[in-house]
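Quick note: the coordinates plus some simple rules give every number you see, no bench work behind them. Since this is a predicted model, take the numbers as computed values, not measurements. Here the Cβ is made from the backbone with ideal geometry for all residues, glycine too, and neighbour counts use every protein chain on show.
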Amino acid sequence: KAGVTQTPRYLIKTRGQQVTLSCSPISGHRSVSWYQQTPGQGLQFLFEYFSETQRNKGNFPGRFSGRQFSNSRSEMNVSTLELGDSALYLCASSLAGGGTYEQYFGPGTRLTVT
Amino acid sequence: QKEVEQNSGPLSVPEGAIASLNCTYSDRGSQSFFWYRQYSGKSPELIMFIYSNGDKEDGRFTAQLNKASQYVSLLIRDSQPSDSATYLCAPWRGGGGADGLTFGKGTHLIIQP
């Protein structure tokens with residue numbers, strides 16, 4: 001089975017711009033979670049989608065948003081970028097059902113805001 | 001506020017020895033516990049998960065869970081240089097899969113040849 005894929009892998013943006021990141025989960029997985037990883041804060045949960053619905057959200061400002069499509073692919077959008085948004089953005093997919101809730105991470109998108 | 005504490009290290013262990021990684025957590029509602037390994041510049045890789053008190057073994061890895069003490073550990077036997085990485089502990093409350101994982105800052109493990 002193919003793993004979780006994320007595009008693009010690297011991105012450089014300017015303050016004030018917006019960005020959209022994409023995540024394709026493992027085939028058959030219906031849950032996609034997004035995380036931000038920075039050296040100072042570590043790995044932090046952004047939000048989780050299941051069957052096109054956001055079920056949970058972490059403590060991030062409204063500039064961070066996402067969506068999920070009917071094929072379980074997910075996108076994350078960050079508007080009005082700030083320097084502090086520079087980070088590795090990871091998505092993780094999970095079967096989220098049948099007693100199986102392990103999350104498997106994609107390779108991540110490295111976002112640099114200048 | 002959910003908190004997960006891990007010794008940041010670096011933890012240096014000779015090749016062939018047992019590496020012991022520890023994690024304490026504050027959320028008593030945590031039901032499952034995941035250990036991830038993250039190599040520098042790479043994404044986290046799930047290596048172990050444990051749901052019940054006691055020990056769970058998988059190859060050279062053993063996870064130990066004590067919910068009463070809110071403590072989970074990971075033992076790596078016969079440590080290899082390829083085990084050098086940051087190990088992240090993530091307790092999980094459950095909730096049908098909706099809850100995100102709360103990660104510790106991780107322990108940086110170095111296996112010395």
(Q) Contact order normalised by length for the stretch B:28-113, with contacts defined as Cα pairs under 8 Å and 6 or more residues apart; what percent is it? (A) 30 percent
Q. Beyond 22 Å, what percent of the Cα pairs of chain B remain?
A. 27 percent
Q: Calculate the length of the line joining the C-alpha centroid of the stretch A:53-114 to that of the stretch B:42-113, in whole Å.
A: 22 Å
Q: Evaluate peptide B:99-112: per residue, the Cβ atoms of other protein chains within 10 Å of its Cβ; return the mean as an integer.
A: 4
Q. In the neighborhood of A:GLY16, defined by Cβ-to-Cβ distances under 14 Å, what is the net charge if each Lys or Arg adds +1 and each Asp or Glu adds -1?
A. +1
Q | Principal axis dimensions, largest first and in whole angstrom, of the protein assembly as shown by Cα | A | 49, 38, 37
Q) Rounded if a/c is under 1.5, else prolate if a/b is larger than b/c, else oblate: which is chain A, with a ≥ b ≥ c the root eigenvalues of its Cα gyration tensor? A) prolate
Q. Taking every DSSP beta bridge that has both residues in chain B, what percent is antiparallel when rounded to the nearest 5?
A. 90 percent
**Q.** Peptide A:29-41 - average C-beta neighbours from other chains (10 Å radius)
**A.** 2
Q) So what is the relative contact order of chain A, in percent, for Cα pairs below 8 Å that sit 6 or more residues apart? A) 36 percent
Q.
Counting only other residues whose beta carbon sits under 15 Å from that of A:LEU43, what net charge do I get with K and R as +1, D and E as -1?
A. 0
Q: Grab the beta carbon distance between B:ALA17 and A:GLU102, set R0 = 41 Å, and tell me the FRET efficiency rounded to 0.05.
A: 0.90
Q) What FRET efficiency, computed as 1/(1 + (r/R0)^6) with R0 = 41 Å and r the Cβ-Cβ distance, is obtained for B:ASP58 and A:THR38, rounded to the nearest 0.05? A) 0.85
Q) Roughly how crowded by other chains is peptide A:50-62, in terms of the mean Cβ count from those chains within 10 Å of each of its Cβ atoms? A) 2
Q. Residue by residue, what Karplus-based ³J(HN,Hα) values in Hz, rounded to whole numbers, does the stretch B:105-112 have, using 6.51, -1.76 and 1.60 with θ = phi - 60° and x for Gly and Pro?
A. 6, x, 10, 7, 9, 10, 9, 8
Q. Once phi is turned into θ = phi - 60°, what whole-Hz ³J(HN,Hα) does the Karplus curve with 6.51, -1.76 and 1.60 give for every residue of the stretch B:5-13, x standing for Gly and Pro?
A. 10, 9, 5, 5, x, x, 9, 9, 10
